[in-house]
Amino acid sequence: MKKQFKAESKKLLDLMINSIYTNKEIFLRELISNASDAIDKLNYRALTDKKLKINRDDFKIKIEVNKDKRQLIIRDNGCGMSKEELENNLGTIARSGSLDFKLLNKESKDLNIIGQFGVGFYSAFMVSDKIIVESKPIDDSAHVWTSSGADGYTITDGTQENVGTTITLTIKSDTEEENYSEYLDINKIRQIIKKYSDYIRYPIVMDIGHKQLKEGSKDEYEDIISEETINSMIPLWKKDKKEIKEEEYQNFYHEKFFDYENSIRTIHSFVEGKCSYYTLLYIPGHAPYDFYTKEYEKGLELYSNGVLIMDKCADLLPDYFSFVRGLVDSDDLSLNISRELLQHDHQLQLIAKNIEKKIKHELEDMLENDREAYEKFFKDFGMQLKFGIYNNFGLNKDTLKDLIIFYSAKKKKMITLKEYVEDLVENQDKIYYACGETVDKIDLLPQVERVKDKYDILYLTEYTDEFTVQALVEYEGKTFTNVCAENVELDSEKEKEEIQKENEKYKDTLKVMKDTLKEVVEDVKFTNRLKTHPVCLTTEGPVSMEMEKVLSVMPNENKIKAKAIMEINANHPIANKIKSLTGEDLNNYAKILYAQARLIEGLTIDNPTEISSLICDIIAK
Ligand code: ADP
């Protein structure tokens, strides 16, 4: 009976079959990689289950070609799959259920992201009309999974006697655009294997024909066929750094960690000591689609002398460097170590500490020597570093504080905190910042205008930013100060006195306004802090206007409000107008000014209809 693929799988299959993806040859890398994983699994099982008898020397992946039938066959003697596994592993894609098809449908180039979803097996449909998978697990008989594409698949009983999997592809006929026959050409296949799968730890073998002198003859040749191993089998991380081309690092990275872009940094090292180990780490060039979701799992692959013992060892990476992909291989780790024990494993902790240092060092180096790359990196992962600063009550802030960058109003580019304090003006003892949605919007904030003339201001545009600087409290003894919240001392003593007098003189007028707005502001006063803008809101206490914005979209019963103060520019014509008003007029002006101030901050107003008709009344006068 023919079974249907799950809806999502079907859609993806359609994409694969009709793919215009140019890099079709990667299908072979995917199948070889699956085969190698399957051998890993069997190897690991045999290591931990002594009853299971296997001969490690037999492990291999065999590639065969049958040109007449247009068949390409990939055989492995790995763990194999039971009927249920065939059904579950090959009948469904996106087992995590998080596959986002919006991403896939947009543009053809997005097909590159197929790798991100772990849909490797299906890529074989890019070059095949039909796929047959015959598989036998250790403790069951063989079954055959057959599919000719999106219309479904069948599973029947098989005859294979050896444990392992045989995948038979029927290669598509050539078209005008595509020469599929090259996947039946031994030389081409050898080239693809060398390019993508050279490091695979098990031999990838092919029967290759040679001409050889006939025994006892001087000029008569005969065709003989011998099995040849194509790959060098040395894991990339155990090779000499000097002998590895950047392309090899990247091919390995793409294949292993499902990225379609190159990594921006590669850290490869061997540490020798009481516990010796290899590390091969990659800093990705962009965040994977699920990076900022709960589904994202951090961790490095952990090998014990070349045998994979854990897919994602989380203890090897701190949360704030969770974006790093890679692996650790140590001969000194016990194979039987359980996940729970691992957490307390002293050697592992040492390795983790060292890895953390290495990553930090690499990021610092990038920050110093390749600012452009760092900014690109920071766009995607800066948020994670900032989380790291305020998580755990700021425990790790010293590790991370020199890795964050913010936009500088003066320099008009991203700068570090160190760069900010290196350029303080005389007597400046604070680091000024302002928050808003975008650099442009912050630049237009009334409170920013005057301060900017004198001091540099960091523009905080990410919702995590203000929490971050609050967690830092200070940098090199300079406290962080929000120019919108606290009064920045720009006035001379005389100016201060004058403004105080002004507020005193019009205290009744201001009182009327304050009463009108008593639900929403704590105080109303004249100020010198604004240059051209008529009005602004400042805050007292720990919650700023920007934080109110963030907190208000969080699902929380009690809405937290900032303690707002409405400041009116004493040097603006509106100040004189206000001084001349009383009663109802004064009430209305108060409401309009407050609404204006909120709108400038990028906050919404509760009563747009009322405000709009008040403004119309005034215009109509
Ligand atoms: P991924 O390898 O990313 O998990 P695939 O679609 O390539 O995704 O494979 C799906 C699953 O099918 C694998 O996780 C594995 O469990 C199983 N599988 C694929 N090929 C083999 C094989 N040659 N031997 C045993 N199991 C396999």
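The values are calculated or read from the model by the stated rules, or taken from the named source; none is laboratory data. This structure is a prediction, so every number in the text was calculated from the model and none was measured. With ideal geometry, Cβ positions are generated from the backbone for all residues, glycine too; neighbour counts draw on all protein chains shown.
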Exercise. Only one of these conditions is not met by R201: (1) assigned to a loop (DSSP other than H, G, I, E, B); (2) in contact with a helix residue (DSSP H, G or I) (Cβ under 6 Å, 6 or more places away or on another chain). Which number is it?
Worked result: (2)
Problem set entry | Residue match in region 303-324 (condition: in the same structural domain as E362 (by TED's automatic domain parsing), surrounded by 16 or more Cβ atoms within 10 Å (Cβ to Cβ), aromatic (F, W, Y) and in a helix (DSSP H, G or I)) | yes
For this session: Could you pull out the residue among I600, I605 that is more than 23 Å from D508 (Cα to Cα), touching a residue at least 60 places away in the same chain (Cβ under 8 Å) and assigned by TED's automatic domain parsing to the domain that holds T509?
Result: I600
For this session: Return a yes/no flag: does region 185-205 have any residue that is touching a residue at least 24 places away in the same chain (Cβ under 8 Å), of a type in the set (G, A, S) and under 23 Å from M126 (Cβ atoms).
Result: yes
Exercise. Which one is nearest to Y455 (Cα to Cα) among residues in region 513-542 that are at pLDDT 85 or above and among the polar types (S, T, N, Q)?
Worked result: T527
For this session: Check N34 against each of (1) in contact with a Phe, Trp or Tyr (Cβ under 7 Å, 6 or more places away or on another chain); (2) within 8 Å of the ligand (Cβ to nearest atom); (3) at pLDDT 95 or above; (4) not small (G, A, S) and name the one condition it does not meet.
Result: (3)
Problem set entry | Failed item in (1) at pLDDT below 50; (2) farther than 17 Å from E30 by Cα, with G115 passing the rest | (2)
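Return yes or no: is S123 within 10 Å of the ligand (Cβ to nearest atom), modelled with pLDDT of 90 or more and not in a loop (DSSP other than H, G, I, E, B)?
Values: within 10 Å of the ligand (Cβ to nearest atom): yes; modelled with pLDDT of 90 or more: no; not in a loop (DSSP other than H, G, I, E, B): yes.
Against the criterion (within 10 Å of the ligand (Cβ to nearest atom), modelled with pLDDT of 90 or more and not in a loop (DSSP other than H, G, I, E, B)), S123 does not qualify.
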For this session: Would you be able to say whether some residue in region 201-213 is touching a strand residue (DSSP E or B) at 6+ places or on another chain (Cβ under 8 Å), farther than 21 Å from E25 by Cβ and of a type in the set (F, W, Y)?
Result: no
Exercise. Here are I138, I155, I186: which of them is within 16 Å of the ligand (Cβ to nearest atom), out of contact with any helix residue (DSSP H, G or I) (no Cβ under 7 Å at 6 or more places or on another chain) and at pLDDT 90 or above?
Worked result: I138
Problem set entry | Elements of type helices (runs of 4 or more DSSP H) in region 425-525, at least 1 residues being closer than 28 Å to K379 by Cα | 439-443, 446-454, 465-472
Problem set entry | Failed condition for D129, given (1) over 34 Å from the mean Cα position of the chain (by Cα); (2) within 14 Å of the ligand (Cβ to nearest atom); (3) at pLDDT below 95 | (2)
Problem set entry | Verdict on R56 being at pLDDT 85 or above and either surrounded by fewer than 19 Cβ atoms within 10 Å (Cβ to Cβ) or over 16 Å from V205 (Cα atoms) (or both) | yes
For this session: Kindly establish whether L510 is modelled with pLDDT of 90 or more, over 25 Å from Q384 (Cα atoms) and surrounded by 13 or more Cβ atoms within 10 Å (Cβ to Cβ).
Result: yes
For this session: Considering every residue within region 197-212, establish whether at least one is away from the ligand (no atom under 16 Å from the Cβ), under 39 Å from the mean Cα position of the chain (by Cα), at pLDDT below 90 and surrounded by 11 or more Cβ atoms within 10 Å (Cβ to Cβ).
Result: yes
Exercise. Quick one: in region 158-178, which of the residues that are among the acidic types (D, E) and without any contact (Cβ under 8 Å) to a residue 24 or more places away in the chain is farthest from the ligand (Cβ to nearest atom)?
Worked result: E176
For this session: Read through the list (1) modelled with pLDDT under 95; (2) under 19 Å from F467 (Cβ atoms), then give the number of the only condition that K441 fails.
Result: (2)
Exercise. Modelled with pLDDT under 90 and under 29 Å from T438 (Cβ atoms) - does that describe any residue in region 584-595?
Worked result: no
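What do you reckon, is Y183 in a loop (DSSP other than H, G, I, E, B) and not β-branched (V, I, T)?
Numbers: in a loop (DSSP other than H, G, I, E, B): no; not β-branched (V, I, T): yes.
For Y183, the condition - in a loop (DSSP other than H, G, I, E, B) and not β-branched (V, I, T) - is not met.
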Problem set entry | Single residue of D151, D198, D174 found to be of a type in the set (D, E, K, R), in the same structural domain as K130 (by TED's automatic domain parsing) and over 27 Å from L12 (Cβ atoms) | D198
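Condition first: within 16 Å of the ligand (Cβ to nearest atom), crowded, with 19+ Cβ neighbours inside 10 Å and of a type outside the set (A, V, I, L, M, F, W, C). Now tell me which residues in region 59-81 satisfy that. Can you show your working first?
We begin by selecting, within region 59-81, every residue within 16 Å of the ligand (Cβ to nearest atom); these are 59-64, 72-81.
After this cut, where a residue has to be crowded, with 19+ Cβ neighbours inside 10 Å as well, the list is 59, 61, 63, 72, 74-81.
Passing the criteria: R75, D76, N77, G78, G80.
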